[in-house]
Each structure stands twice: as C-alpha cells, then as structure tokens.
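Asks: One structure, pasted below without further comment.
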Amino acid sequence: MMRLAFLLLLLCFFRSVSAQPAELRIGLWVAADHGKVPAAATQSALGVRAFNEELAREICRRINLRCQMENVLFPDMLPAVEAGRLDLGFGNYLRTPEREQRVAFSDSIWNSSSRLLGSVEGIRRLAKRSGHAIRFDQLHGQRIGVVSATQQAAYVESRAGSQGLSVVYAKAMDELISLLRDGKVDFCLVPMLTAYDSLQREVSGRFEFVGPAMVDGGLGGSVHILLPKNRDSLRLAVNQALAAMRADGSYHRLMRRHFPFNLD
C-alpha cells in the first residue's frame, strides 16, 4: 500500500512538472507602440518597463524557467493573457471583479493611484478662471484624455454625461501625453507611476499633476501580474518567488534602482 501511494505521488509530481512550460512568454507594458524591441536593447531603459523586466527575469530565475519577453500595449495585454498567448503579463493592472472573470492575478507587486495631468499654462488658466483649486469632480466642459480599456477610461466615461466632459482616447501613455502637448485635450486622467515614467522624456516644467491622488472608483489599489486562469501551479510559483524576494530584500533593492520613491 505504501509503495502504491509513493508511486501515485511520483506520478502527480511528474505530471505537474511536465505541465509547466520550459519557457514563459512574458508581456511587458510599453508606453508607445515602437514595434518588437529585442529585450537586450531595453536593458538600459529607466522606469516601469525596466523594473517589470528585471522583476520578470528574477521570477523566472527563481522558478528555474527561461523567459521570452514581448512588448505589449496596455489594451492588448489582458486579451493576450486570457487567450493563453502570454503566460505572464506585467503592467499597471489593478485587480477588479470584471478582470477576475477573465484572468488570474499574482500577489500584489505595488500600489497605484491616479491623478489629473495638465499643461502648466492650462492649469493656471483654469484655476484663475474658476477661482478654486482644480479637482476632477469640479471639471465641467473639459476634454479629458485617457488610455483606452483602463480604469481611468471607465471612470471618466461614467461621469462624462453629468459633468459635460468630452472623452478622448489614446492607445498608449506616450500618445496621451502627445494629445496634451498638442492641445487636443485639456487634462489627462492617468495612473501616476505610468505617467511619471513617460514624463521623464518630456521637457521639464511643461506638465504638472494637479488635484489630489485618486483611489476610489477603481482608480487606485494594488497592482498585480496577470496569468491565465487555468495556471494555478504557475501562480503559486510566482507568488512564492515574490515572497522570497521581499523576505531577502532583493525586491526593494530592485525598486530603488528604478524609482526615487517607495511603491508599497
């Protein structure tokens, strides 16, 4: 009986190992559609993408699997993970009930909030005209830019009618910043960390965050890695790798290499 139980245990183990791919297909969020960029060409990049790439490579190392990186725009990431074309998706993805119907989530990797972004001239002009500090719920008749298929887009859409807002969509953050630079939107509602990354490539002092950080209505919370729903063993392995990185301090050392602030 004990021999039979041992054989069954070995069979379950080898099935689990064989179900795990030798190479993980990993999607990395990019702010603009620059085509297929070789992973080696992005090693010196700063900000969110470089942080995500280093985190992904360390997770792969700790779970003893190779990883193949692919640049993916935000609206394309979740459908690719849902369809199984990607094994892991790294972006500024909050965990929501709607998304939980489609994909699985790792443990939290950082915390996110949203904020209005505008040009310095536009902010001063509106503040002078209105006579009070600028807040999203006090905006009326403004053109608000958002990246499509995001929590920010859903939030603005839900309030556009009551506040007389025009919603202008972009496919990626760099395109959204361009709309603001060209005067095609008055403000953008953006995840702060993602926008911060893009603003490092802009002329200093041209744009400003305005109003308080926003977390209600799906605009803030914990950010997670996306996984296909049927990959429980992979999700467990990723979570164990994340926990080990936090325990030995390597996660926070990685964070400090890319950002001048704590993301927890």
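Asks: Across the stretch 92-123, what is the number of residues that are surrounded by 13 or more Cβ atoms within 10 Å (Cβ to Cβ) and not in a loop (DSSP other than H, G, I, E, B)? Explain how you work it out, then say what you get.
Replies: Step one: list which residues in the stretch 92-123 are surrounded by 13 or more Cβ atoms within 10 Å (Cβ to Cβ), which gives 92-96, 99, 102-119, 122-123.
If we keep only those that are not in a loop (DSSP other than H, G, I, E, B) too, we end up with 92-94, 99, 104-112, 114-119, 122-123.
Of the residues in that region, 21 qualify.
Asks: A further question on this structure: From the list ALA31, ALA22, ALA41, ALA45, which residue is among the hydrophobic types (A, V, I, L, M, F, W, C), modelled with pLDDT under 90 and more than 28 Å from HIS252 (Cβ to Cβ)?
Replies: Values: ALA31 fails: more than 28 Å from HIS252 (Cβ to Cβ); ALA41 fails: more than 28 Å from HIS252 (Cβ to Cβ); ALA45 fails: more than 28 Å from HIS252 (Cβ to Cβ).
None of the other options fit; the residue is ALA22.
Asks: On to the next question. Just checking, which of ARG201, ARG125, ARG206 is at pLDDT below 95 and under 30 Å from LEU86 (Cα atoms)?
Replies: Details: ARG125 fails: under 30 Å from LEU86 (Cα atoms); ARG206 fails: under 30 Å from LEU86 (Cα atoms).
Matching residue, one of ARG201, ARG125, ARG206: ARG201.
Asks: Can you go through GLY211, GLY161, GLY205, GLY183 and tell me which one is part of a strand (DSSP E or B) and more than 21 Å from the chain's Cα centre (by Cα)? Talk me through it step by step, then tell me what you get.
Replies: Values: GLY161 fails: part of a strand (DSSP E or B); GLY205 fails: part of a strand (DSSP E or B); GLY183 fails: part of a strand (DSSP E or B).
Step by step, each of GLY211, GLY161, GLY205, GLY183 is checked, and only GLY211 is part of a strand (DSSP E or B) and more than 21 Å from the chain's Cα centre (by Cα).
Asks: Continuing with this model, one more query. Let me spell it out: the conditions are (1) modelled with pLDDT of 95 or more; (2) among the aliphatic types (A, V, I, L, M); (3) in a loop (DSSP other than H, G, I, E, B), and LEU55 meets all of them except one. Which number is the exception?
Replies: Only one criterion in (1) modelled with pLDDT of 95 or more; (2) among the aliphatic types (A, V, I, L, M); (3) in a loop (DSSP other than H, G, I, E, B) is unmet by LEU55, namely (3).
Asks: Return the residue satisfying two criteria in turn: it lies in the stretch 124-149 and is in contact (Cβ under 8 Å) with a residue 40 or more places away in the chain and small (Gly, Ala, Ser), and of such residues it is least open to solvent (accessible area, probe 1.4 Å). Before you say what the answer is, go through the steps one by one.
Replies: Kept after step one, since they are in contact (Cβ under 8 Å) with a residue 40 or more places away in the chain, are these residues of the stretch 124-149: 126, 133-136, 139, 142-149.
Filter once more, so that each one left must be small (Gly, Ala, Ser): 133, 145, 148-149.
On the way: ALA133: 75, GLY145: 0, SER148: 34, ALA149: 72 Å².
Checking each candidate, the answer is GLY145.
Asks: Another question, then. Return the residue satisfying two criteria in turn: it lies in the stretch 195-212 and is of a type in the set (D, E, K, R) and open to solvent by 70 Å² or more (accessible area, probe 1.4 Å), and of such residues it is nearest to ILE134 (Cα to Cα). Reasoning before the result, please.
Replies: Going through the stretch 195-212, the residues of a type in the set (D, E, K, R) turn out to be 197, 201-202, 206, 208.
From what's left, open to solvent by 70 Å² or more (accessible area, probe 1.4 Å): 201, 206, 208.
Values: ARG201: 25, ARG206: 17, GLU208: 12 Å.
In this case the residue turns out to be GLU208.
Asks: List the residue pairs whose Cβ atoms are under 6 Å apart, where the first residue sits in the stretch 98-110 and is over 10 Å from LEU227 (Cα atoms), the second is modelled with pLDDT under 95 and not in a strand (DSSP E or B), and the two are 6 or more positions apart or on different chains.
Replies: From residues that are over 10 Å from LEU227 (Cα atoms), the pairs are TRP110/LEU263.
Asks: Do we have SER222 as of a type in the set (S, T, N, Q) and crowded, with 21+ Cβ neighbours inside 10 Å here?
Replies: no
Asks: Among ASP174, ASP186, which is surrounded by 15 or more Cβ atoms within 10 Å (Cβ to Cβ), in contact (Cβ under 8 Å) with a residue 12 or more places away in the chain and over 29 Å from GLU82 (Cβ atoms)? It would help to see each step written out before you state the result.
Replies: On the way: ASP174 fails: over 29 Å from GLU82 (Cβ atoms).
Selected residue: ASP186, the only one of ASP174, ASP186 that is surrounded by 15 or more Cβ atoms within 10 Å (Cβ to Cβ), in contact (Cβ under 8 Å) with a residue 12 or more places away in the chain and over 29 Å from GLU82 (Cβ atoms).
Asks: Going by the structure shown, is ASP216 open to solvent by 40 Å² or more (accessible area, probe 1.4 Å), among the acidic types (Asp, Glu) and in contact (Cβ under 8 Å) with a residue 24 or more places away in the chain? Quick ask: steps written out before the conclusion?
Replies: Details: open to solvent by 40 Å² or more (accessible area, probe 1.4 Å): yes; among the acidic types (Asp, Glu): yes; in contact (Cβ under 8 Å) with a residue 24 or more places away in the chain: no.
Against the criterion (open to solvent by 40 Å² or more (accessible area, probe 1.4 Å), among the acidic types (Asp, Glu) and in contact (Cβ under 8 Å) with a residue 24 or more places away in the chain), ASP216 does not qualify.
Asks: Of all residues in the stretch 231-264 being without any contact (Cβ under 8 Å) to a residue 24 or more places away in the chain and not in a helix (DSSP H, G or I), which is least open to solvent (accessible area, probe 1.4 Å)?
Replies: GLY249
Asks: Quick check, is MET214 of a type in the set (A, V, I, L, M, F, W, C) and in contact with an Asp or Glu (Cβ under 7 Å, 6 or more places away or on another chain)?
Replies: No; evaluated as a whole, the condition is false for this residue.
Asks: Considering the stretch 124-139 alone, what residues qualify as being outside any helix (DSSP H, G or I) and of a type in the set (A, V, I, L, M)?
Replies: ALA133, ILE134, LEU139 - these are the residues of the stretch 124-139 that are outside any helix (DSSP H, G or I) and of a type in the set (A, V, I, L, M).
The values are calculated or read from the model by the stated rules, or taken from the named source; none is laboratory data. Computed from a prediction, not measured in an experiment: that's the story for all the values here. Positions of Cβ are backbone-derived with ideal geometry, glycine not excepted, and every protein chain shown enters the neighbour counts. Protein only, heavy atoms only, side chains kept; ligands, DNA and RNA dropped before computing areas. Shrake-Rupley method; radii C 1.70, N 1.55, O 1.52, S 1.80 Å.
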